[in-house]
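The values are calculated or read from the model by the stated rules, or taken from the named source; none is laboratory data. Here the structure is a predicted model, which means the values were calculated and not measured. Methodologically, a virtual Cβ is constructed for each residue, glycine included, from the backbone with ideal geometry; neighbour enumeration extends over all protein chains shown.
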Amino acid sequence: MHPESQIKSRIVVIGGGAAGFFGAIACAEKAPEAEVILLEKSTKLLSKVRVSGGGRCNVTHHCFVPSQFAQNYPRGGKQLKEAFKLFGAAETVAWFEQRGVKLKAEADGRMFPVTDNSETIIDCLLKAARQAGVQIKTGVGVNRIQPEKAASGSQQFILSLSNNSTLVADKVLVCAGGNPKSENYNWLRELGHAIQEPVPSLFTFNVPASPFKELQGISVPRAKVRIAGQKLENEGPLLITHWGYSGPAVLKLSAWGARSFHDQQYTFTALINWIPDFTEEALRAELQQYRQAHPRKVVSTNPLFGLPQRLWRSMTLLADINEEVKWADLPAKNTNKLLEALIRAQVEVKGKTTFKEEFVTCGGVDLSSVNMRTLESKLVPGLYFAGEVLDIDGVTGGFNFQAAWTTAYLAGNAMAASLVNLK
């Protein structure tokens with residue numbers, strides 16, 4: 001046997017989050033002869049997995065058609081479409097089930113472990129990594145990646161670590177996550193990679209002068225939120241908070257408008273349609289019909305359209321409707337104001353709040369420099385990327401985790417396959 005074949009190939013995975021673990025496991029399972037080392041700069045592993053979905057971990061979304069799944073990514077959807085055909089939501093569900101973790105789908109499509117506990121996912125990933133022989137080192141960050149030619153002529157990497165030591169690797173998978181600070185991508189810019197400027201995504205709207213501030217905790221199952229003067233709009237559950245508005249309708253809109261809202265310094269006008277099933281004409285006719293059918297009913301105490309009582313009452317106050325006035329006595333101008341409050345409630349957004357602890361960035365490594373089938377850099381052979389470090393981000397509902405599982409799985413397998421060529 002050639003003595004060189006005794007030398008193990010070394011893969012280093014940077015980042016101990018969802019993508020880092022999934023990539024390390026995929027590579028180690030496919031190439032058991034390789035040395036796979038996972039480095040995490042903090043002392044905590046899988047911290048985002050732990051807090052996701054209110055501690056339940058929203059693993060993926062119940063949608064097994066790759067082209068449909070890809071429509072939930074404001075950035076990266078087009079490039080992910082093919083990747084999802086190779087490893088999508090169905091494969092993710094099967095991957096966890098094969099390792100003893102059953103997932104369930106909820107009515108809105110989000111998928112969770114049947115235990116409703118994110119520790120189930122964390123334990124599964126830790127166990128799979130251990131069984132595959134992945135070496136996990138915490139408290140070790142990477143400051144620099146330096147490609148260089150090995151004596152054999154093959155590509156190698158010298159990693160400068162935060163503990164002032166260096167580590168030599170044959171392949172490197174970067175799963176360092178998204179970061180809000182542009183300068184934190186400089187170590188990747190040094191390798192020639194263009195970085196799409198990071199800006200926040202998935203945030204809630206702050207409305208200091210909200211007319212509904214006292215209604216915190218009230219939600220409607222379907223509302224349409226659109227941005228005045230722009231084509232941005234989204235429909236879904238809407239939650240009133242003490243600082244403004246949240247819920248999927250706002251969170252998804254924040255993802256699609258991430259760059260635009262950043263450019264406007266998070267100051268813009270949002271219009272809320274509380275009853276999106278009605279056109280203005282249909283609503284006017286409906287109100288007129290109700291007035292004729294129930295002339296003696298008091299307007300403010302008889303909510304329509306299934307709206308919560310307190311929300312309806314606030315709308316009548318916005319429409320300057322006296323709390324004693326009956327439908328028969330309601331002036332036309334107040335009817336018009338009520339109609340406006342129902343389908344075009346104007347709110348002035350001034351700022352944002354990060355959604356729970358789930359920080360998501362729009363931005364990262366430009367996808368044009370990455371082969372999306374293997375996740376290998378087109379500029380630096382042997383360097384791979386997965387997860388949020390890429391300029392990929394999805395709306396809320398399990399889509400960001402799926403992008404992490406998919407890109408990491410493909411990268412891990414591609415690295416393992418390429419090791420054959422090193423021998």
Practice prompt. Please name all residue pairs, on different chains or six or more residues apart, with Cβ atoms under 9 Å, provided the first residue is in the stretch 391-409 and is closer than 18 Å to ALA129 by Cβ and the second residue is in a loop (DSSP other than H, G, I, E, B) and of a type in the set (S, T, N, Q).
Written response: PHE401/ASN58
Discussion item. For the stretch 287-313, give me each residue that is small (Gly, Ala, Ser) and touching a helix residue (DSSP H, G or I) at 6+ places or on another chain (Cβ under 8 Å).
Written reply: SER300
Item to complete: Would you check if there is a residue in the stretch 395-416 being in contact with a Gly (Cβ under 6 Å, 6 or more places away or on another chain), over 19 Å from ALA83 (Cβ atoms), assigned by TED's automatic domain parsing to the domain that holds ARG189 and outside any helix (DSSP H, G or I)?
Response: no
Discussion item. I'm trying to understand the selection: among the residues of the stretch 277-299, which are assigned to a loop (DSSP other than H, G, I, E, B) and either more than 40 Å from the chain's Cα centre (by Cα) or not assigned by TED's automatic domain parsing to the domain that holds ILE343 (or both)?
Written reply: HIS294, PRO295, ARG296, LYS297, VAL299
Item to complete: Scan the stretch 335-389 residue by residue and report those that are in contact with a Leu (Cβ under 6 Å, 6 or more places away or on another chain) and closer than 27 Å to SER52 by Cα.
Response: PHE355, VAL360, GLY364, VAL365, LEU375, TYR384, PHE385, ALA386
Worksheet item: From the residues in the stretch 120-134 that are over 14 Å from GLN98 (Cα atoms) and small (Gly, Ala, Ser), which one is surrounded by the most Cβ atoms within 10 Å (Cβ to Cβ)?
Response: ALA129
Worksheet item: Can you tell me which residue in the stretch 147-186 is modelled with the highest pLDDT, limited to those that are loosely packed, with under 11 Cβ neighbours inside 10 Å and of a type in the set (Lys, Arg)?
Response: LYS181
Item to complete: Keeping to the stretch 214-257, report how many residues are assigned to a strand (DSSP E or B), farther than 15 Å from LYS350 by Cα and not aliphatic (A, V, I, L, M).
Response: 10
Fill in: Spans of strands (runs of 3 or more DSSP E) in the stretch 59-171 with at least 3 residues within 21 Å of PHE22 (Cβ to Cβ) and not hydroxyl-bearing (Ser, Thr, Tyr)
103-105, 110-113, 135-138
